[in-house]
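The values are calculated or read from the model by the stated rules, or taken from the named source; none is laboratory data. Note that the coordinates shown come from a computational prediction; the quantities given were computed from them, not determined experimentally. Glycine gets a Cβ as well: all are built from the backbone with ideal geometry, and neighbour counts include every protein chain shown. The accessibility values were calculated without ligands, DNA or RNA, using every heavy atom of the protein model including side chains. Shrake-Rupley method; radii C 1.70, N 1.55, O 1.52, S 1.80 Å.
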Amino acid sequence: MPPAGGVIAQTALLRASRWRAWEPVLWLVAFAAPLVLRQYAAIVNEIAIVALFALSLDLVLGFTGIVSLGHAAFFGLGAYSAALFAKYAMPDPLLGLAVGIVAATVVGFFASFTVQRGTDLTRLMVTLGAALILLELANKFSEITGGADGLQGVVMGPVLGKFDFDLEGRTAAYYSLTVLLVFFLLARRIARSPFGSTLMAIRDNRLRAMAIGIPVGSRITVAYTVAAGLAGAAGALLAQTTGFASLDVFEFHRSADLMLMLVIGGTGWLYGGVLGAIVFKLAQDFLSSITPQYWTFWLGLFLVVLVLVGRDRLLRPWTWFGIKKLDPRLRGDDGL
Amino acid sequence: MAELLKVDNLSAGYGEAVVLQGVSFALDEGATLALLGRNGTGKTTLLNTLAGATRQHAGSISLAGNALHKLPSHQRAAAGIGWVPQERNIFKSLTVHENLTAVARPGKWTPDGVYAMFPRLAERKTNLGTQLSGGEQQMLAVGRALVLNPRLLLLDEPLEGLAPIIVDELLKAIRRITRDEGLSAIIVEQHPQAILAISDRAVVLDRGTVVHSGTARELRDDPALVDRLLGVAR
Amino acid sequence: QAAPFKIGLILPMTGQQATTGRQIEAAARLWMAQNGDTVAGRKVELIVKDDTSLPDVTRRLAQELVVNDKVDVLAGMGITPSAMAVAPIATQSKTPLVVMAAATSSITEASPFIVRTSFTLPQVSVALADWAPKNGIKSVVTLVSDYGPGIDAEKYFAERFQFNGGKIADKLRVPLRNPDFAPFLQKVRDLKPDALFVFVPSGAGAAVMKQFGERGMDKAGIKLIATGDVTDDDQLNDMGDVALGVVTSHHYSAAHPSAANKKFVEAFQKANKNLRPNFMAVGGYDGMRVIYEALKKTGGKGGGEALVAGMKGQVFESPRGPVFIDAQTRDIVQNVYLRKVEKKDGQLWNVEFDVLKDVKDPGKTK
Amino acid sequence: MSDVVLSCQNLVKKFGGITATGNVSLQLARGARHALIGPNGAGKTTLINLLTGVLPPTEGRITLEGEDITRLAPHLRVRRGMVRTFQINQLFLSMTPLQTLALVVSQQRGLGGRFWSALGRDRAVAERAEQLLAHFHLAEVMDVPTEYLAYGKRRLLEIAIALACEPRVLLLDEPVAGVPAGEREEILQTVAELPSDVSVLLIEHDMDLVFSFANRMTVLVNGTVLTEGSPEEIAADPRVKEVYLGHGEEAAHG
Amino acid sequence: MLTILFDGIAYGMLLFILALGLAVTMGLMNFINLAHGAFAMVGGYITVLLMQHYGVPFLACLPLAFVGAGLLGAVLERTLYRPLYRRPHLDQVLFSIGLTFMAVAAVDYFVGSTQQIVQLPAWLRGRTEIGDGAWTLGMGHYRLFIIAVCAALTIVLQYVLSSTRFGSRLRASVDDQRVAAGLGINVNVVFLATFAFGSGLAGLGGALGAEVLGLDPQFPLKFMIYFLIVVAVGGTSSITGPLLAALLLGIADVAGKYYIPKLGAFIVYTLMIVILIWRPQGLFVRQGGKA
Ligand SMILES: Nc1ncnc2c1ncn2[C@@H]1O[C@H](COP(=O)(O)OP(=O)(O)OP(=O)(O)O)[C@@H](O)[C@H]1O
Ligand SMILES: Nc1ncnc2c1ncn2[C@@H]1O[C@H](COP(=O)(O)OP(=O)(O)OP(=O)(O)O)[C@@H](O)[C@H]1O
Ligand SMILES: [Mg+2]
Ligand SMILES: [Mg+2]
C-alpha cells in the first residue's frame, strides 16, 4: 500500500535541511561588507563575534530548551585564555583560538551537570551565579588577570602568519567572519541531523524523549559542552581582535544582551542569533550616536514594539518554513 | 418542554482557520444531545465554542433567550454553561478540593455532593491536580462542571478512561440529573451505543458541518445509518 | 579654511557610570562656550560617543573615530579598562588620548600618547595618610571597594600611614556590587579604631555615611575619613546631616576658594540646571584647556606628536588650583586638599582646610 | 532462559501517605497478550511508571529477560526493548508527525547520535516512517506540527511512536482512549499482529476490546493484585464484577 | 553576635520586600516580569520627590508609593502586559527588559542620573542597644521598622492567598487561562488585580529600600539579580518560600561578610548554586498530598 521506498517522506524530511536561496546571499553580503563599507569593518567584526556567541546560546536554548544567563562565563573564559596564551605563550591567533575553545569546552563539560535538572528559573540562576563567581575569581587573581584594570599587553601576531591586524579592523572582520562561518556550518549540520532532532525532542518533551530511548542527560551534556566551546571561540575572538581582556567579559549584561539578541532574532533556527546581533548592534550604534544619553529609551521602545507587534511580522515577513505557525495568541479565548 | 439552547448558523475556529461552518441545532430543557462524528470533525470545537474558548466568526447562540455569543467566556458560566473539556484540564497547582471550590457557584451541587457521587475523589481531596490517576481527573472534571450548577452541561468524551462500573454510574447520574433536575446536556462520545441509550437527540458532524440531526432513537435503531455516518472511511 | 579640528570624546553616558559622562561632557561644552570654538584658525568639533563602560566598545568607537572621522584627539575614558583598551590605538595611530576620568596610576604608561588631566587614587590617598597621624588618629581600619582603584587606595594609604607611625587594625574589601554595608561597619565598630578610612566609588558613598551614622559609630568615637569620591560634590548636598564633619582628601572641591573656581562653578551651574560640578567635571574642563593650548602651540597644525609635545609641561591655574602636566610622565601634578563637610547657606560643601602642594602620583615612583 | 520476559516482585510505591502500589508481583510471558484492568486509581499507570523507570519504586525488584533493571535509567530500558505509551499524550509539539517518527526510527536504529548527516538522509529510516504514517492514518497530516492536530490524531501518533521503537515488550496505557470506535479495533489489531515473541501489556477500560485482545488478565485493586487468570475466569469472577465490571452490558461479553 | 543576626534578618527582610512583588507576578502569575525593578524604582522616586519637593512625611509616602506603583501597574497591565501572558517566557523577558530600559532612560531624563537620598524622620534614624559584651544587640530603628512592615505584609498576603478563594482562582487562571475562563473565572480581573497588587508591592519595596540601597535610574538593573535569587531559591509557589529564602540569604550574607570578609562576594552566589543544585525546584516548594 505505501508508495515505494519512502521517497515522499525522504524529500519532505530533507526539505528542512536544504540551503535556501537567500542563505549564500546573506553570507556573500557579510563577506563583502568590510570591503565595500570599509568604515564599518570594526562593527562588522563586533557583530560577527556576538553572532557566534548568540549561535552558541541558540544551541542550548533554542534547540535543547536549556535557558542560560551565564553564557558570559564561557565567553570570558575563552577571552582570558586566548589573551593569556597570546601574552605568555605565543601570539598566533589560530592557536590562541584553539586554546580559548578548549578551555571553555572543558569548563562547559563540568558545568553541564548543573543544568540537568530543575526549572527554567533555577537554570537561569545557577548559570548566572556561575558566571558571577568566575567574575569574582578573575577579580581576585589580579596578578594573572590584571584584575579590574584588565589584562593589557596582549599583542597578536598575524593571522596565518600573513595578515596583520590593521587599525581599520579589516583583518579582524575577516578573521571573525570566517570563524563564524565555520562554526555556523558546523552548528547547521548538527541542528539538522538526527542528533539535533533528539535535542529538540528533549526540549519539547523530556519525559517522552526518555521513553523513546534518548539518553537525555548525555545529550544535554554534549549540547552544552559544544555550545560552551562556541562561546569560548567568540570570547577568544574578542580578546584577539581587541588585544585586550577585562572583567566585563564575564558580566551579567553580556549574557543578558546576548539573550536579547537571540530572542529578537528568534530561537531555534540558527539565524536568529546572527540576525539579532545585526539588528541589536546596529540599532544600538545608530541610536547611541544620535542621542548618547538616552538611546536606551529608544532601544527599549524597539524591544517593546517588537514583542507587541510580533517578531515574525516585523523581521521575518517571509515564509519558507512550510506551514506557517499560528500566532499563539490567536489560539484560545478571544471569543466575542 | 421549553427550548433551552438554540445554535444558529454558527461558524468558528482557531485564529484564521475556520473549523465549524454553518452549524445549527436546538435543544430542549432537560434533554440530552449526543454529539457524534469521526475524528477531527469539530465536535470539541463546537463545545469549546459554546464555552467561549474559540474564535467565533459568525452565527448566534442563545441559551434560555440570552445571546450567549455576545458574552465573554467567563460570563457564560454564570449564564448556565458547565464545561468538561476533552483533555480534562485539571488545574495542576490546585488540590482536588480547591479545583472544586475555586469555580463553585451557589446551587444544589456542592463539593460534598460531588464527593458523594465520586467517593474516590473524597479520598484524594488534598492531592494536587496532577497527582491524580487519569480516571480520577476525569471524575474531577465532571465534578467541577457540576459545582457550577449549570443549566447546560457540555461533556466532551466524559466516559473516556473510566472503569465500566463508574461508566454505568455516571450514565445513570447524567440521566437522573437531566430527568429530575431539568438540566440539559450535550455529550460527545466515540461510543454511539452507550450514549445514544441515554440521549434524546443526536447530531452528527462531518468536516465541521451537521450531516445528520434527529432523535437518538432513530440512530439507535438504524445501525446501517450509524455505520454510514461514523464508519471509518477506508 | 582648514579642516575642522575634531575631538572624539568617548564617555560612559548610560549605565552605572553615567554621571561621570554627564559631568565631563557638560564641562567640555562649557569650556567651548567660554573659549570659543575656533583655535588658531581651526574650528573645533566635539564628537561625543557613549561606550556604556564596555572596554571593547570603547575600543571600537576609538577605532571608528580615528579611521572614519579622522579625529585629531581622543578624549574621555570613564574607567581604567577603557583607557587601557584604547591605548594601543592611540599609539598605533599616533593620536593623543586625553584621559579625563580614569584614575588608575599605570594608565599613562600604556601609551606615549596618553595625557591625564584627572587624578590618581594614590595621589589623594597619601595626603590623608600624612594628615591623619598628626591629628590624633593612631589606628585605622580601611574599607575599600574590591577593584583596581580601591586596592590602589588601600595600598597607598596603608603604606604611608604605617610609615608615619600609624597602625592599620584591619583591611576590609567590599564587593563592588554590595547593597548593604552593615556587616563591614559592624566589624569596624567591634574593632574600635580611631578612624575608618573609606574608598568607594561615588554613588555608594552616601550609603556608607548613612549606615555609619545609623550604627552610632561616630558616637562610639570612630572618625570617618575618606577620599573625596565619598563626598562627591555631585551628590553631597542631598546627603544630609550624616555627611557633616567627614574629613576627606581630594584634588578638587566645588568650594575651592579661588576666583577661577567661582567663575567655573557659577557658569557650570547656570548651564546645567544648577548641577554642581564635581571632580570629573574639572577633569574634563582642564582636559579641554590642555587640548586647546596644545593646538595653539602647534599653530593650528595639529599632528599627534606635536600635540602631545604641546601638552607636556603645561602649567596653568585650574579651578582646582595650580596644576601642571609633568613632561616626563604626562600625568597631572596638583595640590591635594584636606576638606571637611560643612554647612554654608543651608548647603553642604567640602570646605578645604589644609593642602599638600604639588603632589605627584606616588604610583610612578616605583 | 525462561519464557517470562518481564517480571516484578513485591513492588511498592508510596506517594507521601498514599500507597499507590502495594506489593505487586506480576509476570509477563513471552508473546503474551496480557491485560491489566482495575478501577480508577487502582495503580495501573503507576505500575507502568515503575516498570519503565519513570518513577523509582519504594521497594521491590524488576527483572527484564532475567536482568535486574530496578535501578536502570529509563532510556536504557528502552534500548533493551521495553517501550510504552502514555495515558496522557506525551508528544513533541513543535515537530510534525513525519519528523517525530523519523526521529524515533533513527534513534531506535542507533542513529540518534549522528550529527553529520541530515535527518532523513537514510532511506530506510524514511521508508519506515512513511509506512508508519500510512498505517496510522497520519499521512495526510504528516507535515502539520503536532500542536495543531486534533486529539484523535495525536492519540494515533502516540501509539505510532511506541511501535516505531520496535518493542520487544510493549506497555500500553489506555492506548485507544479518544480514538473513534471504528479505528480502535484496527489499532489493536495492529498490536495483536506484532510478532509472536513480542509481549504486550495493555491497560484499557473498554471491555469489548480487552476481552477480544487479551489471553491473560490481571486485576489490580487499590494497588494490589486481586486476581489473575484467563479472560473467561476473570469475566466470571464475582469479585471483579463487584469492584470493576459492574453488571452493565459490557460484563455480558467474554 | 546578636547584632549581626539582627542585621541579617533586616537585610533579608529588605530583600524579601523587594522581591515580594516579583514572587507574586512571576511565582503566582507565571509572568517573567523583569521590569519589576522599574516599579520598585517608581515607588522609590515617588517617595523621594514627594519628600523633597512637597515635604510629605515619610510614613505618608509609603502608601502613596504603593498606590502610585500599583496604578501604574494596572494601567500597563491593561494596555501592554495583557496580550503577553500566554506568550513564551522569552518574549516576556524581551518585553519587560525593553520596558525597563525605557523606564531607566525616562527617569534619567526627567529626574537626572544622580543618587537620590531619602531623609528619614528622626525617630527612624536612631539606634537602641540592649545587653552588653558579646551579647550586645544593637538595633537600628529603621531596620526594626522594615522587619515590622515586612512581617505584617507576609501575614496578610499569606492569608489572602491561602484562605480565600481569590488565591485558588488566581492559580487556576495561571494554570489554564482558557479553561478557567470557560468555568466562570474572570481571568482578566483576577490578573489585573494581582498585577496591580504586585506592582504596588514593588513600589512599596522601592520606597522602603531606597534608604538602604540608594536610588538612581540604574536601580532596576542593579538589583534585578537579587530579586531573582530570592525568588529562585524560595521557589515560586508560595509567599513563605521567598520569605525564608530571603532570610536565609540575608543572614548568611551578613554573617559571612562579617566573619570571613574575604569571601564576601562569593557567599550569596555559592549558597544559591548549592541550594539550587540540591533542590532544583527551590527550597520551599508546595508539597502536594498528605504528608
Ligand atoms: N488549537 C487548534 N488550532 C488550530 N486548529 C485546531 C486546533 N485544535 C483543533 N484544530 C483543528 O480543528 C479540527 C477539529 O478539531 P476538533 O478537536 O474539534 O475535532 P473533534 O471532532 O473533537 O476530534 P476528536 O474526535 O479527535 O476529539 C481539526 O482538523 C483540528 O486539526
Ligand atoms: N504523584 C502522585 N502523588 C500522590 N498520589 C499520586 C501520584 N500519582 C498517582 N497518585 C495516586 O496513586 C493512585 C494510583 O494512580 P494511577 O494513576 O496508577 O491509577 P490508574 O490505575 O492508572 O487509574 P486510571 O484507570 O484512572 O488511570 C491514584 O489514587 C492517584 O491519586
Ligand atoms: Mg474532540
Ligand atoms: Mg491510569
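Residues of region D:132-148 that are in a helix (DSSP H, G or I) and either among the charged types (D, E, K, R) or within 16 Å of ligand 4 (Cβ to nearest atom) (or both): D:140, D:147.
Every test in (1) outside the structural domain of residue B:66 (by TED's automatic domain parsing); (2) closer than 26 Å to residue B:95 by Cβ is passed by residue B:175 save one, and that test is (2).
Across region D:172-206, the number of residues qualifying as aliphatic (A, V, I, L, M) and within 16 Å of ligand 4 (Cβ to nearest atom) comes to 6. Only residues that are in contact (Cβ under 8 Å) with a residue 24 or more places away in the chain, of a type outside the set (A, V, I, L, M, F, W, C) and facing another protein chain (nearest Cβ under 7 Å) were counted in region D:131-148, giving 2. Considering region D:78-116, the residues that are β-branched (Val, Ile, Thr) and within 16 Å of ligand 2 (Cβ to nearest atom) include one that is surrounded by the most Cβ atoms within 10 Å (Cβ to Cβ), namely D:85. A count restricted to region B:83-98 and to residues that are within 15 Å of ligand 2 (Cβ to nearest atom), touching a residue at least 40 places away in the same chain (Cβ under 8 Å) and under 17 Å from the mean Cα position of the chain (by Cα) stands at 2. Residues in region C:249-263 that are open to solvent by less than 30 Å² (accessible area, probe 1.4 Å) and either among the aliphatic types (A, V, I, L, M) or in a helix (DSSP H, G or I) (or both): 3 in all.
Given the structure, is residue E:131 modelled with pLDDT under 80, away from chain B (no Cβ under 14 Å) and open to solvent by 40 Å² or more (accessible area, probe 1.4 Å)? Give the derivation first.
Numbers: modelled with pLDDT under 80: yes; away from chain B (no Cβ under 14 Å): yes; open to solvent by 40 Å² or more (accessible area, probe 1.4 Å): yes.
Yes: the conditions hold for residue E:131.
Considering E:158, E:115, which residue is of a type outside the set (D, E, K, R), within 23 Å of the chain's Cα centre (by Cα), surrounded by 20 or more Cβ atoms within 10 Å (Cβ to Cβ) and more than 14 Å from chain A (Cβ to nearest Cβ)? Lay out the reasoning, then the answer.
Details: E:158 fails: surrounded by 20 or more Cβ atoms within 10 Å (Cβ to Cβ).
Unique residue meeting the criteria: E:115.
For region A:79-98, the criterion of being of a type in the set (A, V, I, L, M), more than 15 Å from residue A:231 (Cα to Cα) and within 14 Å of chain E (Cβ to nearest Cβ) is met by no residue.
Looking for something open to solvent by less than 10 Å² (accessible area, probe 1.4 Å), more than 7 Å from chain A (Cβ to nearest Cβ), within 16 Å of ligand 4 (Cβ to nearest atom) and among the basic types (Lys, Arg) - is there at least one such residue anywhere in region D:149-158? Don't jump to the end; show me each part of the working.
First pass over region D:149-158, keeping only residues open to solvent by less than 10 Å² (accessible area, probe 1.4 Å): D:152, D:155-158.
Pick out the ones that are also more than 7 Å from chain A (Cβ to nearest Cβ) and you get D:152, D:155-158.
Subsequent filtering for residues that are within 16 Å of ligand 4 (Cβ to nearest atom) retains D:155, D:158.
Checking which are among the basic types (Lys, Arg) leaves us with D:155.
Yes: one or more hits.
Looking only at residues of region B:131-153 that are facing another protein chain (nearest Cβ under 8 Å) and part of a helix (DSSP H, G or I), we find that the one that is farthest from ligand 3 (Cβ to nearest atom) is B:131.
Considering only residues in region B:43-81 that are open to solvent by 10 Å² or more (accessible area, probe 1.4 Å) and on the phi > 0 side of the Ramachandran plot, the one that is farthest from ligand 4 (Cβ to nearest atom) turns out to be B:65. Only one of the numbered conditions (1) under 14 Å from the mean Cα position of the chain (by Cα); (2) open to solvent by 10 Å² or more (accessible area, probe 1.4 Å); (3) not aromatic (Phe, Trp, Tyr) is not met by residue D:199, and that is (2).
Considering every residue within region A:111-127, establish whether at least one is surrounded by 21 or more Cβ atoms within 10 Å (Cβ to Cβ), touching a helix residue (DSSP H, G or I) at 6+ places or on another chain (Cβ under 8 Å), assigned to a helix (DSSP H, G or I) and among the acidic types (Asp, Glu). Looking for residues that are surrounded by 21 or more Cβ atoms within 10 Å (Cβ to Cβ), touching a helix residue (DSSP H, G or I) at 6+ places or on another chain (Cβ under 8 Å), assigned to a helix (DSSP H, G or I) and among the acidic types (Asp, Glu), one finds none in region A:111-127, hence no. Based on what the data block shows, is residue A:78 open to solvent by less than 20 Å² (accessible area, probe 1.4 Å) and more than 22 Å from residue A:182 (Cα to Cα)? For residue A:78, the condition - open to solvent by less than 20 Å² (accessible area, probe 1.4 Å) and more than 22 Å from residue A:182 (Cα to Cα) - is not met.
Against the definition (within 20 Å of residue B:44 (Cα to Cα) and among the hydrophobic types (A, V, I, L, M, F, W, C)), how does residue B:197 come out, yes or no? It is false that residue B:197 is within 20 Å of residue B:44 (Cα to Cα) and among the hydrophobic types (A, V, I, L, M, F, W, C). Does residue E:201 fit the bill of being in contact with a Phe, Trp or Tyr (Cβ under 8 Å, 6 or more places away or on another chain) and open to solvent by 30 Å² or more (accessible area, probe 1.4 Å)? No; evaluated as a whole, the condition is false for this residue.
The rows are residues; the columns are (1) within 19 Å of the chain's Cα centre (by Cα); (2) open to solvent by less than 30 Å² (accessible area, probe 1.4 Å).
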{"position": "C:224", "(1), (2)": "no, yes"}
{"position": "C:231", "(1), (2)": "yes, yes"}
{"position": "C:238", "(1), (2)": "no, no"}
{"position": "C:243", "(1), (2)": "no, yes"}
{"position": "C:247", "(1), (2)": "yes, yes"}
{"position": "C:265", "(1), (2)": "yes, yes"}
{"position": "C:274", "(1), (2)": "no, no"}
{"position": "C:278", "(1), (2)": "yes, yes"}
{"position": "C:289", "(1), (2)": "yes, no"}
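Look at (1) within 11 Å of ligand 2 (Cβ to nearest atom); (2) among the hydroxyl-bearing types (Ser, Thr, Tyr); (3) touching a helix residue (DSSP H, G or I) at 6+ places or on another chain (Cβ under 7 Å) and you find that residue B:101 fails only one, number (1).
Restricting attention to region B:37-78, the residues that are within 14 Å of chain E (Cβ to nearest Cβ), touching a Lys or Arg at 6+ places or on another chain (Cβ under 7 Å) and within 16 Å of ligand 1 (Cβ to nearest atom) add up to 3.
Given the criterion within 11 Å of the chain's Cα centre (by Cα), part of a helix (DSSP H, G or I) and in contact (Cβ under 8 Å) with a residue 60 or more places away in the chain, identify the matching residue among E:196, E:210, E:202, E:255. Walk me through how you get there before you give the answer.
On the way: E:196 fails: within 11 Å of the chain's Cα centre (by Cα); E:210 fails: within 11 Å of the chain's Cα centre (by Cα); E:255 fails: within 11 Å of the chain's Cα centre (by Cα).
The match here is E:202.
Output the residues belonging to region E:83-111 that are closer than 25 Å to residue C:21 by Cβ and open to solvent by less than 20 Å² (accessible area, probe 1.4 Å).
Within region E:83-111, E:97, E:98, E:100, E:104, E:105, E:108 qualify.
Those helices (runs of 4 or more DSSP H) of region C:1-108 in which at least 2 residues are among the basic types (Lys, Arg) and modelled with pLDDT of 85 or more, considering only elements entirely within it, cover C:18-35, C:55-67.
Yes/no matrix, rows are residues, columns are (1) out of contact with any Cys (no Cβ under 6 Å at 6 or more places or on another chain); (2) within 16 Å of ligand 1 (Cβ to nearest atom); (3) on the phi < 0 side of the Ramachandran plot; (4) of a type in the set (Asp, Glu):
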site: B:162; (1), (2), (3), (4): yes, no, yes, no
site: B:165; (1), (2), (3), (4): yes, no, yes, no
site: B:179; (1), (2), (3), (4): yes, no, yes, no
site: B:183; (1), (2), (3), (4): yes, no, yes, no
site: B:207; (1), (2), (3), (4): yes, yes, no, no
site: B:227; (1), (2), (3), (4): yes, no, yes, yes
